[in-house]
1. How much length is gained if the chain between residue 10 and residue 324 is pulled fully straight, taking 0.36 nm per residue apart and subtracting their Cα-Cα distance, in nm to one decimal?
2. In debye, nearest 20, what is the charge dipole magnitude of segment 1-157 about its Cα centre with +1 on Lys and Arg Cβ and -1 on Asp and Glu Cβ, if you could check?
3. Return the long-range amide H neighbours of residue 365 (sequence gap of 5 or more, or a different chain), with a cut-off of under 5 Å between placed amide H atoms.
4. Kindly provide the Kirkwood hydrodynamic radius of segment 42-152 in Å, to one decimal, from all pairs of distinct alpha carbon atoms.
5. Give me the 1.4 Å probe accessible area per residue for segment 95-203, excluding ligands and nucleic acids, in Å².
6. How big is segment 93-215 by Rg and Dmax over its Cα atoms, in Å?
7. For q values of 0.20 Å⁻¹, compute log₁₀ I(q)/I(0) with the Debye formula on a Cα-only model of segment 146-195, without solvent.
8. Please report the Cα spread of segment 122-179 along all three principal axes, rounded to whole Å, starting with the longest.
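The values are calculated or read from the model by the stated rules, or taken from the named source; none is laboratory data. Note that the structure is predicted; figures quoted are calculated from it, not measured. Don't worry about glycine lacking a Cβ; one is built from the backbone with ideal geometry, like all the others, and counts go over all protein chains shown. We work out accessible area using only protein heavy atoms, side chains counted, and drop any ligands, DNA or RNA first. Shrake-Rupley method; radii C 1.70, N 1.55, O 1.52, S 1.80 Å.
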Amino acid sequence: MRGRRGIRARIAGGSLLIAILISVAAGIVINSQIERIVREGTTAVLRSDSAPYVVALETEPSEPFDAPGPSQLVAVVAPDGSTPVDSLPSPLSDMLPQLTTLERTSEADADGTPYLVKATQLQVGADEWTVVAARHAEAENTILTQMRLLLIVGLAVISAGTAVAAWLLTSISLAPVERLRTAAEELSESSTTELLPVGETNDEIAELARTLNDLVERLRASAARERQFVADASHELRTPLALVNTQLQVAIAESASVDQMLSDVRGAQRNVMRLSRLVSSLLELSEIDAVGRAGASSAPELERETADAVERARVVGADVVVSYRSFNGPWPSGLRYGVRAEDFGRLVDNLANNSLRAVRDEGSVEISLRLDGGDLTLSVADTGGGLDPAFAPTALDRFSRADASRVGSNGVGLGLAIVDAIVKSAGGDIRLDNRPGEGLTVVVVLPPIAGASE
């Protein structure tokens, strides 16, 4: 198993690498500046050694020259090549013809000994004199070595300090994350209703904690809905199964006649059909919840499904006036909606059947399909008396059924829930316009898919 490299180690290592790269670049620049400064210092010393003789030549060229100091290496070269002053080492004196031509401070090797030499040319009357000053290069090299060592040590300390500082700062910054991790581990191992701690500072970690708390609350709500769904489904399935079992037992053991037996069997058959509808609805809801119902349909396709659903509603509710109004004019091209045509037809069927059960043999159902901008709006209105105001807020919940006067005795409480799931899967919105004592209007709005085309 590969070793885990923590965030602190990665950040500290990355900071160290960056600090080393910056230190190398800075070291090269600083070293060149140190060399320049030291060379300028050496040049100033050589100029100082030459200064008395330069002044003497400029002011009193006929006077004899003073002897150089013990540590001064100076030579004065006359126009005829003679050297009235020469304290240079013999190997360096032998090189005077070459040294007098130097234009700046340069290095000269005299029998393996390095020197730094500066030549100063003077015009005295019609004659040209040259003053040559020299110093051992060892002194400059010693200074450069010491300065470079100090530079390397300083940059190494800075790089190491950068890595340590990055480690410490990362540790401090990650401390709230570690607390979040510990709290999340405790939450996962218990059934507590607590949430993750949110720091007082309004920083990114606090935002992460709030986002995770929202996720935890949604997951808890989802788990609660699942538990409720299982409980409701178990209850809904248990009742018809018990009825089927009882009716079949009665048909077998207590039927006094064939007609009585047939009646009991037909009752059991109705309960089996109810069970079948319930299971089909549960499977459909489960599919929508698990993977959605991905699809795309054009407005004309959805209009055809709506028209077919209206015809089916007219057949079912033969004694009810079912009217239909569609978009007046050609449908705009390029508009598509995130729902399969057959799912949209199922949606219209559920809404129309709910309305038909509400109005029974009296009243009317009006279905309309229109465009509002680019949104497709379906409206199903009835005169079935509306919903009980106490029931309206939960009308879209699963296994939620109004009183029998509106939905009848055969509903399983999943029709509007399936409609709601299909609409939300398509990114749409559903609204109930309840008019107690008058009727109910269900409005479904589907937005077009961005960038879709025919």
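1. Value of the extension gain: 106.4 nm.
2. In total the dipole reaches around 2320 debye.
3. 321, 322, 323
4. Evaluated on segment 42-152, it is 14.6 Å.
5. 64
6. 35.1, 108
7. Taken in order of the listed q values, log10 I(q)/I(0) reads -0.74.
8. 90, 23, 6
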